[in-house]
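Trainee: The structure follows.
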Amino acid sequence: MSEFAPVPPSVATADVVATRIGVLRFADGVPDADTAEKVYDHLDLVHGVNAYLAGLPGVSARSIRRGLQQAGVADDQVLLFSGLMDSASLFLTGSADTVDFLSVLDLTAGPVALQVPPGCLGTVDDMWFRWITDFGLPGPDRGLGGTYVFLPPGHDGPEPEGGLFVHRCRTWQAVVLGRAFPEDGDPAPAAARIEESLRIHPWTPGGHGSGTGAFLPGREPPAPSDPPVFTEGTGLAVNTLPPNDRSFYELLDTLVQEQPAGSGDPEAGGALRAIGIAKGREFRPGSRLRAVLDEAVALGDATARTLGLRARGQDGFACYGSGSAWSDPLSVGGHDWTVPPRGPTAGGGPEPHPPASGRALNSRTAFHYVATGGSPAMCTRVTGAGHRYLMVAADENGRPFDGARPYTLTLPAGIPAARSWSVTVYDSQTRSMLRTPQRYPRAGSQACPGPAATPGPDGAVTLHLAPERPGAAAEGTWIRTVPGKGWFAVLRLYDPLQPFFDRAWRPGEVRPAG
């Protein structure tokens, strides 16, 4: 008779185990009733926090759709900021530099065509904020304008034969985030071009992209499309922010019910399912689970705020090492949070990266808590193409910004942006533009919507971020802050140049003044 294998101590559970959720008690490995209750509460809490973190991109996209609808902008209509976006809107790190336009495409009735004007740039994401395509300058039309056709989930009908840019969408709606640049300090020409050329309409066989063979089954060519309904966004109080209370889970459930089963990530869907959010299932948490979810959303929000506004060094967001407060979450995982964007080597070729073993989850959370969209154009390392955003939420001493204190930010000579650059200040609570009498809390190279920032004798630009304008500061170099209000800033470089990528140029740290 063979001997029994010895039971190693590592597989046994002690009768009493001290943990952060309390003392857990077991009788020969079986939890007592009190322990089981603690563990299930903790498990639901973990699933609730994971559901928040995994659902944040989708809830952010759904919040944009809800905000547009509440402002009277229906699906397939367009919110156009012809006078630039100002601080009236609540929009995650919105831009005050460009003529922005937003829309949500509705694919429930079939393929939808988006005709974009020349000279613009933008991205289209699905309702989980996953990238589908760029358009305009960083897209396949290369800024010449073109027509993009989006096929709905499960589409098995005719497709365009050529001449169009065709993409499949995994959700029933898609978010369009576009922008164009003012010309000689005037946004009117760009806004007019958008209104004249932007089109959103159903795509049917026989239209542009179909050969004459499409008419053989008896189809009629579609009628010319009318312009979409445009709503003026400048000065309009639109709220597109995702909620940070229990209604977050209610909006997440709305998104799940609206979209095809399995349109999201299956692993993330497991966390949602564990708290009662699943396709075709009514979300009705009981009083115990509601209390747990109240704590879970508070922890989820605290986690996202910490990752977004006080990132730790080991997450790798820092742009210039541990001594700098400038960060960029996209540099860790790229637009899909798996592989960092390639960069130039000493020989000028692309820098290879090893295959990723998983998603950079902290990077994804940090980005989506403070920003929207996400595309290769926001993290490309191709000289003179795309747009790069760097964020700073602390001064040179590592302290968060105090709206009552004056600070200076020096950008050395030769700011590496072929098109334009800007610095915009945001409210640390809403992650939207800081609301001050300035309306456009930014400074930059273009003379729109205010005077351009003027460089000093050495070519460097010194910006003043303070509640009052310093006496020696030119108007275009002052961004007003608010006592009692925390803030952070984003540096935008449109069409960044090689000194940015090889770090021959870098922004200065934000320094307390006086």
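The values are calculated or read from the model by the stated rules, or taken from the named source; none is laboratory data. Remember, it's a predicted structure, so these values are computed and weren't measured experimentally. Heads up, the Cβs are rebuilt from the backbone with ideal geometry, glycines too, and the neighbour counts pull from every protein chain shown. Calculation scope for accessible area: heavy atoms of the full protein, side chains included, ligands and nucleic acids excluded. Shrake-Rupley method; radii C 1.70, N 1.55, O 1.52, S 1.80 Å.
Trainee: Taking the stated definitions as given, is GLY386 more than 20 Å from ALA268 (Cβ to Cβ), of a type outside the set (Val, Ile, Thr), modelled with pLDDT under 85 and under 16 Å from the mean Cα position of the chain (by Cα)?
Mentor: Details: more than 20 Å from ALA268 (Cβ to Cβ): yes; of a type outside the set (Val, Ile, Thr): yes; modelled with pLDDT under 85: yes; under 16 Å from the mean Cα position of the chain (by Cα): yes.
Here the answer is yes, as GLY386 does meet what is asked.
Trainee: Now for a different question. Going by what's in this entry, would ALA404 be described as more than 30 Å from GLY316 (Cβ to Cβ), of a type in the set (A, V, I, L, M), touching a Pro at 6+ places or on another chain (Cβ under 9 Å) and at pLDDT 95 or above? Steps first, please.
Mentor: Details: more than 30 Å from GLY316 (Cβ to Cβ): yes; of a type in the set (A, V, I, L, M): yes; touching a Pro at 6+ places or on another chain (Cβ under 9 Å): yes; at pLDDT 95 or above: yes.
Judged against the criteria, ALA404 is a match.
Trainee: Can you tell me which residue among SER103, SER82 is more than 18 Å from the chain's Cα centre (by Cα) and of a type in the set (Ser, Thr, Tyr)? Don't jump to the end; show me each part of the working.
Mentor: Working: SER103 fails: more than 18 Å from the chain's Cα centre (by Cα).
Just a single option satisfies the conditions, and that option is SER82.
Trainee: Based on what the data block shows, is PRO153 in contact with a Pro (Cβ under 6 Å, 6 or more places away or on another chain) and within 30 Å of GLN257 (Cα to Cα)?
Mentor: Numbers: in contact with a Pro (Cβ under 6 Å, 6 or more places away or on another chain): yes; within 30 Å of GLN257 (Cα to Cα): yes.
Answer is yes for this residue.
Trainee: Which condition does ALA88 not pass, out of (1) open to solvent by less than 10 Å² (accessible area, probe 1.4 Å); (2) more than 21 Å from LEU198 (Cβ to Cβ), if it passes all the others?
Mentor: Evaluating ALA88 over (1) open to solvent by less than 10 Å² (accessible area, probe 1.4 Å); (2) more than 21 Å from LEU198 (Cβ to Cβ) leaves (1) as the failure.
Trainee: Does LEU390 meet the test of being part of a strand (DSSP E or B) and farther than 19 Å from ALA513 by Cβ? Can you show your working first?
Mentor: On the way: part of a strand (DSSP E or B): yes; farther than 19 Å from ALA513 by Cβ: yes.
Here the answer is yes, as LEU390 does meet what is asked.
Trainee: Testing THR35 on (1) touching a residue at least 24 places away in the same chain (Cβ under 8 Å); (2) open to solvent by less than 10 Å² (accessible area, probe 1.4 Å); (3) out of contact with any helix residue (DSSP H, G or I) (no Cβ under 9 Å at 6 or more places or on another chain); (4) under 27 Å from ASP294 (Cβ atoms), one condition comes back false. Which one is that?
Mentor: With (1) touching a residue at least 24 places away in the same chain (Cβ under 8 Å); (2) open to solvent by less than 10 Å² (accessible area, probe 1.4 Å); (3) out of contact with any helix residue (DSSP H, G or I) (no Cβ under 9 Å at 6 or more places or on another chain); (4) under 27 Å from ASP294 (Cβ atoms) applied to THR35, the lone miss is (1).
Trainee: I'm trying to understand the selection: among the residues of the range 299-314, which are touching a residue at least 12 places away in the same chain (Cβ under 8 Å) and either of a type outside the set (Ser, Thr, Tyr) or out of contact with any Leu (no Cβ under 7 Å at 6 or more places or on another chain) (or both)?
Mentor: Applying the first criterion (touching a residue at least 12 places away in the same chain (Cβ under 8 Å)) to the range 299-314 yields 299-301, 303-305, 307-311.
Correct list: LEU299, GLY300, ASP301, ALA304, ARG305, LEU307, GLY308, LEU309, ARG310, ALA311.
Trainee: Of everything in the range 338-369, what is of a type in the set (A, V, I, L, M, F, W, C) and at pLDDT 85 or above? Give them in sequence order.
Mentor: Keep residues of the range 338-369 that are of a type in the set (A, V, I, L, M, F, W, C), which gives 339, 346, 356, 360-361, 366-367.
ALA360, LEU361, ALA366, PHE367 - these are the residues of the range 338-369 that are of a type in the set (A, V, I, L, M, F, W, C) and at pLDDT 85 or above.
Trainee: Could you list, in sequence order, the residues of the range 1-49 that are modelled with pLDDT under 95 and in a helix (DSSP H, G or I)?
Mentor: PRO9, SER10, VAL11 - these are the residues of the range 1-49 that are modelled with pLDDT under 95 and in a helix (DSSP H, G or I).
Trainee: Can you list residue pairs whose Cβ atoms sit under 8 Å apart, with the first residue in the range 403-417 being over 10 Å from VAL510 (Cα atoms) and the second being among the polar types (S, T, N, Q) and modelled with pLDDT under 95? Count only pairs 6 or more apart in sequence or on different chains.
Mentor: As it stands, the answer is PRO416/GLN498, since those pairs meet every condition given.
Trainee: Another question, if that's okay. Within the range 265-306, track down each residue that is polar (S, T, N, Q) and under 16 Å from PRO57 (Cα atoms). Working first, answer last.
Mentor: Going through the range 265-306, the residues polar (S, T, N, Q) turn out to be 287, 303, 306.
Residue satisfying the conditions is THR303 alone.
Trainee: Looking only at the range 423-435, how many residues end up being outside any strand (DSSP E or B) and either open to solvent by less than 20 Å² (accessible area, probe 1.4 Å) or under 19 Å from SER60 (Cβ atoms) (or both)?
Mentor: Going through the range 423-435, the residues outside any strand (DSSP E or B) turn out to be 428-432, 434-435.
Restricting the remaining residues to those that are either open to solvent by less than 20 Å² (accessible area, probe 1.4 Å) or under 19 Å from SER60 (Cβ atoms) (or both) gives 428-432, 434.
Adding up the residues that qualify gives 6.
Trainee: Looking only at the range 262-291, count how many residues are surrounded by 15 or more Cβ atoms within 10 Å (Cβ to Cβ) and touching a His at 6+ places or on another chain (Cβ under 9 Å).
Mentor: 5
Trainee: Assess whether GLY450 counts as being part of a loop (DSSP other than H, G, I, E, B), in contact with a Gly (Cβ under 9 Å, 6 or more places away or on another chain) and open to solvent by less than 50 Å² (accessible area, probe 1.4 Å).
Mentor: Details: part of a loop (DSSP other than H, G, I, E, B): yes; in contact with a Gly (Cβ under 9 Å, 6 or more places away or on another chain): yes; open to solvent by less than 50 Å² (accessible area, probe 1.4 Å): yes.
So GLY450 fits the description; yes.
Trainee: Of all residues in the range 301-324 being aliphatic (A, V, I, L, M) and open to solvent by 30 Å² or more (accessible area, probe 1.4 Å), which is nearest to TRP505 (Cα to Cα)?
Mentor: Step one: of the range 301-324, the residues aliphatic (A, V, I, L, M) are 302, 304, 307, 309, 311, 318.
So of that shortlist, the ones also open to solvent by 30 Å² or more (accessible area, probe 1.4 Å) come out as 302, 309, 311, 318.
Details: ALA302: 34, LEU309: 24, ALA311: 23, ALA318: 15 Å.
Taking the candidates together, the pick is ALA318.
Trainee: Let me ask you something else. Assess whether ARG480 counts as being more than 25 Å from ALA385 (Cα to Cα) and of a type outside the set (A, V, I, L, M, F, W, C).
Mentor: On the way: more than 25 Å from ALA385 (Cα to Cα): yes; of a type outside the set (A, V, I, L, M, F, W, C): yes.
Answer is yes for this residue.
Trainee: Something else about it: Taking the range 248-261 as the region of interest, how many residues are surrounded by fewer than 17 Cβ atoms within 10 Å (Cβ to Cβ) and among the charged types (D, E, K, R)?
Mentor: Result for the range 248-261: 2.
Trainee: Only one of ALA413, ALA466, ALA366 is in contact with a strand residue (DSSP E or B) (Cβ under 9 Å, 6 or more places away or on another chain), among the aliphatic types (A, V, I, L, M), open to solvent by less than 30 Å² (accessible area, probe 1.4 Å) and over 30 Å from ASN50 (Cα atoms). Can you tell me which? Explain how you work it out, then say what you get.
Mentor: Details: ALA413 fails: open to solvent by less than 30 Å² (accessible area, probe 1.4 Å); ALA366 fails: over 30 Å from ASN50 (Cα atoms).
Unique residue meeting the criteria: ALA466.
Trainee: Also: Being of a type in the set (D, E, K, R) and surrounded by fewer than 21 Cβ atoms within 10 Å (Cβ to Cβ) is the filter; apply it to the range 133-163 and report the residue that is nearest to HIS387 (Cα to Cα).
Mentor: By that ranking, first place goes to ARG142.
Trainee: Another one. Of the conditions (1) surrounded by 17 or more Cβ atoms within 10 Å (Cβ to Cβ); (2) at pLDDT 90 or above; (3) hydrophobic (A, V, I, L, M, F, W, C); (4) closer than 24 Å to MET127 by Cα, ALA298 satisfies every one except a single condition; which number is it?
Mentor: (1)
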